[in-house]
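Participant: Provided herewith is a single structure, encoded as structure tokens, for subsequent inquiry.
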Amino acid sequence: MSLLAALHVFGVGAPLMEAVPTPSASAAPVSFGANVIGFSFLLSLVVWGPALMALVTAIVPEPRTGQRRTFLGIAFWTNAAVLSLVLIGYAQFQAFTSGLQFEEKLPWLPSLGINYHLGVDGMGMVLLLLSGLVGLGATLASWDIGERSRTFFVMLLLTQTAVNGVVASRDLFMVVLFWAAATVPVAVLVAGWAGPRRSAATGRLLAYWGLGTAALMAGVLVLYAAAGSSDFDLDTLSKAVPSGRVQLLIAILFAVAALTRLPLVPFHGWARDVLAEAPAGVVVLVAGSASRLGGYVLVRLMAGIEHDAAHTLAPFLGALAALTVVYAGLGALSATDVRRVAAYLALIPGGVTVLGVAGLTPLSLVGTVMLLFAGGLAAALIAGSAATLADHAQARSIGLAAGLAGRAPKLSWLLLLGCLAVLGMPLLATFASGLMVFMGSFRTQAGAAVAVAVGIVLAAAAIARLMQRVAFGAPNPDAPTPSDASLADSWYLGILAGALLWVGLVPSGPKLFGVPILDPGVVNIVNTSTADMASSYAPTPVPTQAPSPLPTTSPSRSP
Amino acid sequence: MDAGEGCALSLVTAVTAMHGPAIALAASTASAASSAASGRRGGFDPGSTLPWAVPLILAAPLVGYVLILGSVRSRRGAATVAMATMVVMLLATLLVGWARVHQSAPYKSSYQWINILVASTGDQRFQGFGVDLGFRIDHLALAALVTVMAIVIASLAWHRVAGRGEQGPVRYHVNTLLFALGAGGVLVSSDLVELVAFWLLTGLGTYLLLGHRWGTEGAGRRGQVALAFPFVGDVALFCGVAILYSRFATLTLDSLFPVLTTTLGVGLKSLTAAAVLIFVAVAVRACIWPFTAWQTATVDAPSASVAMAAGVWPVLAGSLLVRMLPLIGAAGVQAPRIAGYAVGVAAVAGPVLGLAGVELRRSIVLASSGAVALTLLGVLYPPSVTVAFSGLLAVAAARAGMLLAGTSAAGAMRTVDMRATGGGWQRMPASSAALLVSAAVIALGGLGAAMLRPSGPAWIAFGAGLALVALSVFRPYFAVAHGVLRRRRAFEPERVRDVPSSVAFAAFICQAVGAVALVAGFLTGWIGFLGAGGHSVSMGTNVLWLIAPLGGVAIAAAAFGVRKDKSLEMGATLGGLTGALWERAAVLYQRLIGRPGQQVVRGVEEVAVPTAEAGVGRAFSAAGGLAGSAERGLPWIPTVLALAVVLAAAFALVGAGLAR
């Protein structure tokens, strides 16, 4: 607020003050920084900062020969700054209040009901944190990009903007814009810097993501029309009550959009190719944050708005989740390329996420949102470590890149950690989140939950085979001499692993003698956004009269 | 809070201040202080140490783990820190035991790990979700803890000398402490999720220990089996706990059991499913037939690792089974029947398989798996719960000791083939004595449970099992300790010496614990102390049950003591047959399941998906071509107008306001 006062002196405070909405009765204060800094546009900085720095990167003069990492430096410091802002926002986040925080709203196209409306609840905050961590990791993973590095880092930063924009936007029109905007820079990154099969990977990416974008756009437009065509604001549209068939249509469109992005079988074709061919930085970004937007759409738009349709689609989603996890396990078992194995395994957190959505119980939804965070880190860690390992081993075949544990111990252990994260081992964030997903889903989707569990067993077999050949088995004398992780590789993988461990150990935040310190706790922050939505899916109490079967009526549905 | 407690609190804070979870455990002192035993006026009151001694059981291995990982680089340093950590853990356990010796109720304390309100409406039971880091220590848990720690300490002591040449000493000790942390956590957990978490951690430690030797194909295969196969049981446990939560909305055992049969809407099907899944987890990790493969396939791993896995897991599995008995009982007749038949068959099949083949360690594992099954069978029946559990502790410790002693002998004789061993009493008396004591304890481990057996067909399993276990477990003893040790190429029998006393002593620790637990199982005071229910054994005609194991020993003596070569050759032939059967099964598995599965995946990935994508692409191209032709052939103004009308109609149809 003091900054606003200063700006007021210079005559620019008034327009900005108008931009600050009157906080609702239940919303947290807009300022952040514990009264050290009063600042109304945290989210705008987080969203547009990378885009601005992408522009700077694009126009900055060509550096001298000895400064070939200039563009990397710009991208690194941009992501570091964004992460710092997000961390401050995270630490200041009011964990036990409902409503949006850090809200910004400006009219844009009022005649169409389109506003520049940003705001985050618990789910958004946690996904921004994920995006910040993954963005920094992706930049460090791209340490060795020398060819056309300017373009590379411009595209990287633009992808960051798009991802953050989807998460922070509260206007569905803007959500669609940012969602679509992510496609181009990612496609350019894959087309320009991926491996030999880059053209197939790019083509698939464009096709699937294009299909998803079309489905999302159609879903939003139908919802807009059904709500009276007045406003694209999420809060307005979420109050709409379209007829059953229209609701179902909207839910299916949103589900298609989500499933192409997450992805789930049978829309997984792009992920297998992109994660197996793209450079490590792109892999981390795509697996870690860009693909998690699918889960975000599924929770926010499908489960959060279309309650009846969500119930109708739940069994199908459960079946798809089970199919994805089982198929991913089988695919990982049969693949002979290290990066392909990791690409299949990276599908598993997405499958478990969708199981949580299919469960449609309060606990499973909380677990789903937390798994968006943890699963993104796990997928990024396993895909990134496999990519880096293959680079350092100069071999991708499991038979050739063999017995690396003795010669590349850091990378081997980090790959193992990624594998354990995918399996949901204790001490890692995926355990707490997967636990909630399963505990919640067993009540309503027991069959799908058991099938997903079987798929995870298959994944364990695949991981055992991968580690046996690549890490712990006998080295192949015909293979090139491998090298261990460089400092940049260690840092980027360490960031991902460290976040997984931190949230896994203290999901409710660390406390000293009962007093919270520093971290309010990911699970507490997630719960602020899901509690209201999840109450619509709360199981009805069992009647207290004489013993009877479980009630056949479905849980109460909002609004 | 008095000065003593304040000092204790300061000590805990100082020791664990760096570590988040350790801080959490330390914070439980505040709540635990109120449940400590009432202090005596004057003199040392062990009850006053409970607030820090209990968390120390888990904090010690955690601190040791971080210490070794962060700052120790030498083999000796790692071994010393690991051993010191285990000793601290043991001392803390004994201190807690001293404090609780006269308290029959379990000691409880807990700290919240997750506690959230997930819904504000609906069934009140499901409106919140919480997982606690809790301690629940009764006499049974204390006995199990002491047994587990004795096994780990003995294995570490053995490894310190006999395992000097193993690669990665720092890594080895770090993994051992992870294993110990997980095992301790399983035994003291009060929350089901906490139990599952520690169970999985122990499994991870087991995988890292059994796959410790890097750089060989055999090592890689061992690791593969050690991770993948038992994970089935771990996932079954997780699913069982998830079913329980989904029906009862509670994760604490003490609050779960009273509502098992009184919760409306929950029937026998759910209880049976949960009980069976948890029993599968018990059976897999206890390594009873047909789940023995994950241990028999990893006998080439470092011997101390094999001993720890073989000794500790039966204790953990048995402890879980004892704690889940109310669930199995509440699940009607199906679940106990399934469990009973499964362990009954395992009690016979395991030792029979142990007679096939001549690999020393594999024979010990299979033979003792039958003894483990017998004790688990006893645990399933209320009258013999405590006696059988005591027998299980004896068998577990003796199993670990026998593996250590057997490996010592095999190392000295430069072979694991029992046909080439012998003359143990002349050249290796300490190891031979260790083998004898271990075999005796294993053979008699199920005796107490047999004496209290229920009426019904269970006596068949007990009778046959006791005889077969004795026969099978004494076979390695007779093969190593008796007969002639022959010369082989590059091997001189005269050069065989017994192992250093420290190595022999390590194995004796396990045998001593096993023998004590076996004898104590027949003492009424001990049964009352453990307090898990059931009767103590009364001799009299029950002594006749001794005929079964003694008969087995006699047959073993006749077959492997007197006609050793022929008997072992027959065993080798049988082993070759079973090996051929396994290979055939593996080929069939590949042909019927493995390869078709891979073909399905390849078919989908390389044919179906590209075909579908190509078809969609062609469809879009065709549509594009059609649009292009339309654009060329049709006037654009009417075309645009027609499209606008179509879109408007579509919006109108789906928009609000149109009655449906």
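The values are calculated or read from the model by the stated rules, or taken from the named source; none is laboratory data. Being a predicted model, the structure only gives us computed values, none of them experimental. Glycine also receives a Cβ, built like all others from the backbone with ideal geometry; neighbour counts cover every protein chain displayed. Each accessible area value is taken on the protein alone, full model and side chains, heavy atoms only, with ligands, DNA and RNA left out. Shrake-Rupley method; radii C 1.70, N 1.55, O 1.52, S 1.80 Å.
Participant: Quickly work out the residue B:546-to-residue B:91 label distance, labels modelled 7 Å from Cα along the C-beta direction, and quote it in nm with one decimal.
Facilitator: In this crude label model, residue B:91 to residue B:546 measures out at 4.2 nm.
Participant: Going by Cα centres, the stretch B:203-250 and the stretch B:545-560 are how many Å apart?
Facilitator: 37 Å
Participant: Quick check: the distance between the Cα centres of the stretch A:92-130 and the stretch A:373-394, to the nearest angstrom?
Facilitator: 31 Å
Participant: Same structure again: Pairing the Cα long axis of helix B:75-100 with the longest principal axis of chain B, what angle in degrees results, from 0 to 90 and rounded to the nearest 10?
Facilitator: Roughly 80 degrees, rounded to the nearest 10.
Participant: Provide the buried accessible surface between chains B and A in square angstrom, both chains summed, 1.4 Å probe, rounded to the nearest 100.
Facilitator: The B and A chains share an interface burying roughly 6000 Å².
Participant: Given R₀ = 30 Å, what would the calculated FRET efficiency be for residue A:243 paired with residue B:612, taking r from the Cβ atoms and rounding to 0.05?
Facilitator: 0.40
Participant: Okay, helix-only estimate at 222 nm for chain B: each DSSP H run of n ≥ 4 adds -39500 (n - 2.57), divide by all residues, round to 500 deg cm²/dmol; what do you get? Walk me through the numbers on the way to the answer.
Facilitator: Working: 27 runs with 460 residues, N = 660.
Taken over chain B, the calculation gives -23500 deg cm²/dmol.
Participant: Mind running the shape call on the stretch A:435-487? Use the C-alpha gyration tensor, a ≥ b ≥ c as the square roots of the eigenvalues: rounded below 1.5 for a/c, prolate if a/b tops b/c, oblate otherwise.
Facilitator: Prolate shape, in that a/c is at least 1.5 and a/b is the bigger ratio.
Participant: Check the straight Cα-Cα distances from residue A:239 and name the lysines below 23 Å, setting aside those fewer than 8 residues away within the same chain.
Facilitator: Result set, ordered by chain and number: A:105.
Participant: What relative contact order, as a whole-number percentage, does the stretch A:484-537 give when Cα pairs under 8 Å and 6 or more residues apart are counted?
Facilitator: After rounding, I find 21 percent.
Participant: Give me a single rounded figure for A:404-410: the average over its residues of other chain Cβ atoms within 10 Å of their Cβ.
Facilitator: 2
Participant: Under unit Cβ charges (Lys, Arg +1; Asp, Glu -1), what dipole magnitude, rounded to 20 debye, does the stretch B:335-488 have relative to its Cα centre?
Facilitator: 500 debye
Participant: If you don't mind, there's one more thing I want to ask. Taking every Cα atom in the stretch B:468-597, find the radius of gyration and the maximum pairwise distance Dmax, and write them in Å.
Facilitator: According to the Cα coordinates of the stretch B:468-597, Rg and Dmax are 21.9, 60 Å.
Participant: I've got another one for you. May I ask you to list the aspartates and glutamates whose Cα is less than 17 Å away from that of residue B:564, ignoring any residue fewer than eight positions away on the same chain?
Facilitator: B:359, B:417
Participant: Work out the mean other chain Cβ neighbour count within 10 Å for the residues of B:228-234 and drop it here as an integer.
Facilitator: Values: counts 10, 4, 1, 8, 5, 1, 4.
Taking the mean over all residues of the peptide, I get 5.
Participant: Turning to a different aspect of this structure: Using label points projected 7 Å from each Cα along Cα→Cβ, tell me how many nm separate residue A:214 and residue A:487, to one decimal.
Facilitator: Spacing of the two 7 Å Cα→Cβ label points: 4.9 nm.
Participant: Give me the inter-chain shielding for A:508-520: mean count of other chain Cβ atoms within 10 Å, whole number please.
Facilitator: Across the residues of A:508-520, the mean count of other-chain Cβ atoms within 10 Å is 3.
Participant: Same structure, new question: Using a Förster distance of 60 Å, how high is the FRET efficiency between residue B:259 and residue A:64, based on the Cβ-Cβ distance and rounded to 0.05?
Facilitator: Computed FRET efficiency for residue B:259 and residue A:64: 0.20.
Participant: Using only protein heavy atoms and a 1.4 Å probe, report how much of residue B:361 is accessible, in Å² to the nearest 10.
Facilitator: The value for residue B:361 is about 30 Å².
Participant: For the stretch B:157-209, place one equal point scatterer on every Cα, skip the solvent, and apply the Debye formula. What is log10 of I(q)/I(0) at q = 0.28, 0.32 Å⁻¹?
Facilitator: The Cα Debye sum returns log10 ratios of -0.98, -1.13.
Participant: Evaluate Rg over Rh across the stretch B:331-396, taking Cα atoms for both radii and Kirkwood's formula for Rh.
Facilitator: Rg/Rh for the stretch B:331-396 comes to 1.06.
Participant: How many nm is it between the label spots at residue B:84 and residue B:494, if each spot is 7 Å from the Cα in line with the beta carbon?
Facilitator: For the pair residue B:84/residue B:494, the computed spacing is 4.7 nm.
Participant: Taking all protein chains together and a probe of 1.4 Å, list A:204, B:595 from the most accessible to the least accessible.
Facilitator: Highest to lowest solvent-accessible surface, that is B:595, A:204.
Participant: Okay, moving on. Heavy-atom accessible area of residue B:108 with all protein chains present, probe 1.4 Å, nearest 10 Å²?
Facilitator: Accessible area, nearest 10 Å²: 100 Å².
Participant: Let me ask something additional. Before anything else, pin down the relative contact order of chain A: Cα pairs under 8 Å, at least 6 apart, normalised by residue count, whole percent.
Facilitator: Relative contact order comes out at 14 percent.
Participant: Now for a separate question. Is chain A rounded, prolate or oblate when judged by the Cα gyration tensor, a ≥ b ≥ c being the square roots of its eigenvalues, rounded requiring a/c under 1.5 and prolate requiring a/b larger than b/c?
Facilitator: oblate
Participant: Let me know the charge dipole size of the stretch B:150-222 about its Cα centre in debye, to the nearest 20, where only the beta-carbon of Lys, Arg (+1) and Asp, Glu (-1) is charged.
Facilitator: That gives a dipole near 380 debye.
Participant: Using only C-alpha atoms and all pairs of different ones, pull out the Kirkwood radius for the stretch A:157-272 in Å with one decimal.
Facilitator: Numbers: mean 1/r = 0.0668 Å⁻¹.
Kirkwood radius, the stretch A:157-272: 15.0 Å.
Participant: Can you give the FRET efficiency to the nearest 0.05 for residue A:55 and residue A:540, using r as the Cβ-Cβ distance and R₀ = 60 Å?
Facilitator: 0.65
Participant: More than 54 angstrom separation, counting every C-alpha pair in the protein assembly as shown; what % is that?
Facilitator: 24 percent
Participant: Let me ask you something else. Counting only helical runs of four or more DSSP H residues, what would the 222 nm mean residue ellipticity of chain A come to if each run contributes -39,500 (n - 2.57) and the total is spread over all its residues?
Facilitator: -21000 deg cm²/dmol
Participant: Quick one: compute a quarter of the convex hull surface over the Cα atoms of the stretch A:202-256 and quote it in nm².
Facilitator: Answer in nm², one decimal: 3.8.
Participant: I've got another one for you. Need the list of lysines near residue A:511 for cross-linking: C-alpha distance under 25 angstrom, and skip anything on the same chain fewer than eight residues off.
Facilitator: Residue A:511 reaches B:108.
Participant: For residue B:74 and residue B:592 in one chain, what is 0.36 nm times their gap in residues minus the Cα-Cα distance, to one decimal in nm?
Facilitator: Net length gain for the segment: 181.5 nm.
Participant: Which three extents, in angstrom, do the Cα atoms of chain B have along their principal axes, listed largest first?
Facilitator: Computed over chain B, the largest-to-smallest principal extents equal 108, 71, 58 Å.
Participant: Could you give me the radius of gyration and the Dmax of the stretch B:39-175, taking only the C-alpha atoms into account and expressing both in angstrom?
Facilitator: 19.5, 62
Participant: Another question about this same structure. Per the Kirkwood definition applied to all pairs of different Cα atoms, how many angstroms is the hydrodynamic radius of the stretch A:347-447?
Facilitator: Across the stretch A:347-447, the inverse of the average 1/r is 14.3 Å.
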